[in-house]
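One structure below.
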Amino acid sequence: MQPVPEYTLEFFYRSHHKWLYGLLRRHSGCSETAAELAQDTFLRLLIRHQDLKQIDEPRAYLSHIARCLLANHWRRCDIERAYLEVLSQQPERTEPSPETRHAIIETLYRIDAMLQDLPAKVRQAFLLSRLEDVRYADIAKTLKVSERMVKKYMAQAMLHCLRLEDDFLL
């Protein structure tokens, strides 16, 4: 068997996969989640076309990617749990198909990610206006800004939504 060159993804995988899996197993408490996230970590390296020669501390780099993926995993679990809780509280229990349920959870996850990308006051103004039907004047008082600023925040949030919608449709 021929030795694998040091700066290839295969070398990185062989050298660090077991360690990364163990790290993720300890943090997630689940072997299946750890295996999936370890694979996703190396997939990120592949997708990014990362020049592996430039990585001075491979384990620190892999650990950073893996921890971000784990945080996303927990966030997705929270969103799914919240959706299922709301669904269980509905008067008529209509169970959506697995495909529909997956599509709804994915949509909720995308909305959550979009909201997290907004600056805090923009996000708060958008949520107060759209979810709680609060008037702009009242939002301005809550955020301690002018009503004109609230309008700017809303325009910024709407533009952000439109950009994401365009990305989603492409």
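Of these, 133, 112, which one is under 23 Å from residue 83 (Cβ atoms) and more than 24 Å from the chain's Cα centre (by Cα)?
133
Does residue 108 qualify as being open to solvent by 60 Å² or more (accessible area, probe 1.4 Å) and assigned to a helix (DSSP H, G or I)?
For residue 108, the condition - open to solvent by 60 Å² or more (accessible area, probe 1.4 Å) and assigned to a helix (DSSP H, G or I) - is met.
Working only within the stretch 111-129, note down all residues that are in a helix (DSSP H, G or I) and modelled with pLDDT of 90 or more.
120, 121, 122, 123, 124, 125, 126, 127, 128, 129
Residue check: is residue 157 more than 22 Å from residue 79 (Cβ to Cβ) and hydrophobic (A, V, I, L, M, F, W, C)?
no
Could you tell me which of the residues 131, 159, 115, 127 is of a type outside the set (Ser, Thr, Tyr), open to solvent by less than 30 Å² (accessible area, probe 1.4 Å) and free of Cβ contacts under 8 Å to residues at least 40 places away in the same chain?
On inspection, the qualifying residue turns out to be 115.
Provide a single number: the residues in the stretch 68-105 that are in a loop (DSSP other than H, G, I, E, B) and open to solvent by 40 Å² or more (accessible area, probe 1.4 Å).
Looking only at that region, the number is 8.
Filtering the stretch 1-42 down to residues that are within 25 Å of residue 54 (Cβ to Cβ) and among the β-branched types (Val, Ile, Thr), which residue is modelled with the lowest pLDDT?
4
Inspect all residues belonging to the stretch 139-148 and state whether any of them is within 30 Å of residue 48 (Cβ to Cβ) and of a type in the set (Ser, Thr, Tyr).
Scanning the stretch 139-148 turns up no residue that is within 30 Å of residue 48 (Cβ to Cβ) and of a type in the set (Ser, Thr, Tyr).
Return the total of residues in the stretch 14-54 being surrounded by fewer than 12 Cβ atoms within 10 Å (Cβ to Cβ), in a helix (DSSP H, G or I) and free of Cβ contacts under 8 Å to residues at least 12 places away in the same chain.
8
The values are calculated or read from the model by the stated rules, or taken from the named source; none is laboratory data. No experiment lies behind these values; they were computed from the predicted model shown. So basically every Cβ, Gly included, is an ideal-geometry build from the backbone, and we count neighbours across all protein chains shown. Ligands, DNA and RNA are stripped out before the accessible areas are found, and what is left, the full protein with its side chains, is counted by its heavy atoms. Shrake-Rupley method; radii C 1.70, N 1.55, O 1.52, S 1.80 Å.
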